Each structure stands twice: as C-alpha cells, then as structure tokens.
Amino acid sequence: NTAACTFTVTVNDNQNPAITCPANIALNTAPGICSAVATYTTPTPTDNCPGATAACVPASGSTFQKGVTTVTCTATDASNNTAACTFTVTVTDNQNPTITCPAAQALVLNSSCAGVLADYRSLATVADNCTASGSLTVTQSPAAGTAVSGVGTTVVTLTVTDASGNSANCTFNVNRVDTTLPTITCPAAQTLVLNSSCAGVLADYRSLATVADNCTA
C-alpha cells in the first residue's frame, strides 16, 4: 500500500548581472557644426543565468553636442535584475571661426596732419560653428583711438575668438589721406625796370611767396 504527497522547490535568481562599459570617448566637432556622431560597441553583460541583455543611452550612433555627455549602459537579466555602468563622450570644438575684413578705409588727416583710428570691428563679418556671431570676441590692432600721422597706410588686423579659444584674423588698409589745401601768400606788387629797348624779363618771384601746408614742410 502506498501514499504520496508533493511540495515545490522554487529557485529565485536574485543575482545582478555584471556589465563593463567601454573607455571614455573623445571627439572633435564635425566640420561646420557643433556636434559629432559617436559610435561604440554596446557591452555584453555576464550573468549566472542565461538571457541577460544590455542597452545604452544615448545609443551608439547618436549625435553628441559639444561638451561632456555621460552614457549609461544597463544590463537586465531574465529575472529583471539589473546593473549599470557609465562612460563619457567628450566633444571638443577645435574649429577656428571665420572673419572677413572690410574693404580699405580712408582716414582724413586734420590740420596737424594727424588722425585717430576708428573702431572698425563692427565692419567685420564673423561666423563660427559653435558660437553665435553676436557672442564672438573681435579685437583690433592697432586699437581704436590710436594716433597716426602723415600721409600713408596703416595696416589694421582684426582677430575673432570663439568660446573655445579658437581664433582667426584678417587685415585691411587704412589709407591716411590729406584733403587740406595748402596756403600761399603772394608778395606785394613788384617793379620791373625796362631797359633801353623798353623791354624786360620777369624775375623768378616764387621765393617771395609765403607757403604752408598741414602735411608738407
């Protein structure tokens, strides 16, 4: 004669899987834009039981903006135990901004044959892949307010710098122009004594004139 009874043995998996992230990634911005696409291999998790999977956010192939972005990879096993790791994607802007200088400028000299350089920075056309044109820093050399004198040409350099410290420059000429007329004062009336033939020859009176100019001795 026999009798039987039953009971159950339930085995629960409470062990988290293990996951190891790839090394940190460093990229430069793609040409003309302020971001880069990063690709990497999603790590393969290990676990005491089969069926563990992994996913990363942001995913491989995503577009990463300039700066540091943390990527989180999470492993999940068949019992919904999880583990996570992180790594960073650093995107650096190494592209120089662009700058186009104005055409040659004219500086009219004053009565002392001198003048002061203007602020020409607003005449430049600037652009950058990451920094808005209104936020770019433009410097001028020689600086606005610099005194210059004499007819000739002053070469001015404009330099643009973006938020990442990348820079570019251009040059243009400032032509120093004299538009002040010289002055001349003639001598008093002169006497020419005629010879026996009732004729005479005009002298060279140029040295008797009084002349002056703002730029010419």
Excluding ligands, DNA and RNA, the carbon-plus-sulfur percentage of the accessible area of the stretch 4-43 with a 1.4 Å probe reads 55 percent
For the chain: accessible area per residue (Å², 1.4 Å): 62 Å²
Option label - Cα extents along the principal axes in Å computed here, alternatives (i) 43, 39, 36; (ii) 81, 34, 34; (iii) 180, 25, 19: (iii)
List, largest first, the extents of the alpha carbons of the stretch 83-204 along their principal axes, each in whole Å. 128, 22, 15
Once you mark the chymotrypsin sites (Phe, Trp or Tyr not before Pro) that are in a DSSP loop and have at most 11 other Cβ atoms within 10 Å, what is the longest gap between them in the chain? 8-204
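If you put +1 on each Lys and Arg Cβ and -1 on each Asp and Glu Cβ, how big is the dipole of the chain around its Cα centre, in Debye rounded to 20? If you can, show how the numbers build up before the last one.
Values: 4 positive and 10 negative charges, 98 e Å.
With Lys and Arg at +1 and Asp and Glu at -1, about 460 debye.
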In the stretch 62-212 the accessible area split gives carbon plus sulfur, as whole percent at 1.4 Å, a share of 53 percent
List the cysteines in the chain whose Cβ has no other cysteine Cβ under 4.7 Å from it. CYS5, CYS49, CYS186, CYS198
A chain fully extended from ASN214 to SER149 at 0.36 nm per residue, minus the present Cα-Cα distance, gains in nm 22.3 nm
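The values are calculated or read from the model by the stated rules, or taken from the named source; none is laboratory data. All values reported here derive from a predicted model rather than from experimental measurement. Every residue, glycine as well, gets a Cβ built from its backbone with ideal geometry; the counts of neighbours run over all protein chains shown. Each accessible area value is taken on the protein alone, full model and side chains, heavy atoms only, with ligands, DNA and RNA left out. Shrake-Rupley method; radii C 1.70, N 1.55, O 1.52, S 1.80 Å.
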